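Since the structure comes first, as structure tokens, the remarks are kept for the end.
The numbers here are math on the coordinates, done by the rules we state, and not lab data. Source: prediction; values computed, not measured. With ideal geometry, Cβ positions are generated from the backbone for all residues, glycine too; neighbour counts draw on all protein chains shown.
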Amino acid sequence: MASVRFERVTKQYENGYVAVKDLNLDICDREFLVLVGPSGCGKTTSLRMLAGLESISSGTLYIDERPVNQLSPKDRDIAMVFQSYALYPHMSVFDNMAFSLELQGLSKADIRQRVQQAAQQLGIETLLDRKPKQLSGGQRQRVAVGRAIVRNPSAFLMDEPLSNLDAKLRVQARAELNKLHKRLGTTFVYVTHDQVEAMTMGSRIAIMNQGVLQQVDTPQTIYEQPNNIFVAGFLGSPSMNFLDAKVQCHNQQTVITTASFSFPIPRSPDSLKDYIDRPVVLGIRPESIHHPDYLPPGITSTDIKADVSVVERMGHELIVYATLADGSEIVSRLDPRATSVPGETMCLQLDSHRIHLFDRDTEHTI
């Protein structure tokens, strides 16, 4: 088992491009940490530095409190599962899984035992004689994971291993990897651009953007308490609505005003005092906007009039895209029993207790 620590780690290429900037990140022993962010954010580069496949420009990387900047990949006691699976096409499944063990000089009996055990854990014991071209995408993914398992590494590094699977298989594979993590009790560091994978798989998630770590916490905490506009907009599907707004004080009560509606904040936090009469950004998640006929009990709601443009029936929910009076667009996630058609004007209900406010200049949460 292994803990990992990035201490002010930076990766700058010869052309001056900085892929990762001043990364400070602690990964606990036996943790399942997911690095997530858009393409080019630095998550894969961070993983490759941890694997020893990329050099570190500055800073120190520790595995179990041991500096590993100068250690070769084979000396780091880690195993990596790539997006492409990287299976040897001319070898059988058994030989693919056994190859690294043969390089270590293990006996044939030990190799067979490890491969059989890993294959049984992954449900691929009947595939050991097949070649990769005879396997489905999901089976290849399991073989790639099995090849990593047989090494009994201190940490598993996974670079978007599910991206080549279809939607149904991805859901199944997510559950299998979660079970595998609990069964092995090993540190997992997982890279993905898929927010659903991040939210459902990680005990903690680390969100990156443009080479900079934005926030690290449990999925639910980040979803409910994002540090900034980028994090708030990245997590959630559909993503959070953002509207220009202003904080005002009417009759000793704090009021949030937009071009189309306004509402009071019953218990105004002290942090808003410095923003009176200043522009801010109002964030509203789609699930915090309700149809008036299916308003949850116990919420304080505010009327929002909007012209419906697109309606998506998802079975378990209704996604409605609409336009406010000032031309701003909002997305709401409504009860599936609600009725809505494009072209109509709806009076939606905003849960004013579940809003987010951001500084317009810094984009940080107020």
Plugging the Cβ-Cβ distance of Asp277 and Gln210 into 1/(1 + (r/R0)^6) at R0 = 30 Å yields, to the nearest 0.05, a FRET efficiency of 0.40
When the charge dipole of the chain is computed with +1 at the Cβ of Lys and Arg and -1 at the Cβ of Asp and Glu, the Cα pointing farthest to the positive end, of Thr192, His181, Ser136, is that of Ser136
With the charge dipole of the chain built from beta-carbon charges (+1 for Lys and Arg, -1 for Asp and Glu) about the Cα centre, the Cα from Asn209, Thr339, Val4 projecting farthest to the positive end belongs to Val4
Measuring from the longest principal axis of the C-alpha atoms of the chain, the long axis of helix 167-184 (C-alpha) lies at a number of degrees, nearest 10, equal to 60 degrees
The exposure ranking of Val212, Val34, fewest beta-carbon neighbours within 10 Å first, is Val212, Val34
One finds, for Cys249 and Ser328 with R0 = 22 angstrom and r their Cβ-Cβ distance, a FRET efficiency to the nearest 0.05 of 0.40
Reviewing [x] 33; [y] 38; [z] 43, the figure for percent of Cα pairs over 33 Å apart actually calculated from this model sits under [z]
The FRET efficiency for Leu184 and Arg313, from their Cβ-Cβ distance with R0 = 41 Å and rounded to 0.05, is 0.50
Most fluctuating of Glu14, Glu224, Glu102 in the GNM of the chain (C-alpha, under 10 Å) is Glu14
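Could you work out [θ]222 nm for the chain from helices alone, using -39500 (n - 2.57) per DSSP H run of at least four and dividing by all its residues? Round to the nearest 500 deg cm²/dmol. Walk me through the numbers before you get to the answer.
Values: 8 runs with 85 residues, N = 366.
-7000 deg cm²/dmol, from helical runs alone.
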Expressed in angstrom and rounded, the centroid-to-centroid distance over alpha carbons for region 204-241 and region 321-342 is 24 Å
Taking alpha-carbon centroids only, region 1-17 lies from region 116-167 a number of Å equal to 28 Å
Taking a crude spin-label model, label points 7 Å out from Cα along the C-beta direction, the Glu224 to Leu71 distance in nm is 3.8 nm
Sequence order, region 121-127: Karplus ³J(HN,Hα) from phi using 6.51 cos²θ - 1.76 cosθ + 1.60, θ = phi - 60°, Hz rounded, Gly and Pro as x, gives 4, 9, x, 10, 5, 7, 9
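What ranking do Ile366, Ile229 get, fewest neighbouring Cβ atoms within 10 angstrom at the top? Mind dumping the intermediate values first?
Values: Ile366 17, Ile229 20.
In order of increasing Cβ crowding within 10 Å: Ile366, Ile229.
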Non-local residues with an amide H under 5 Å from the amide H of Arg285, with H modelled 1.01 Å from N and Pro and chain starts lacking one, are Asn241
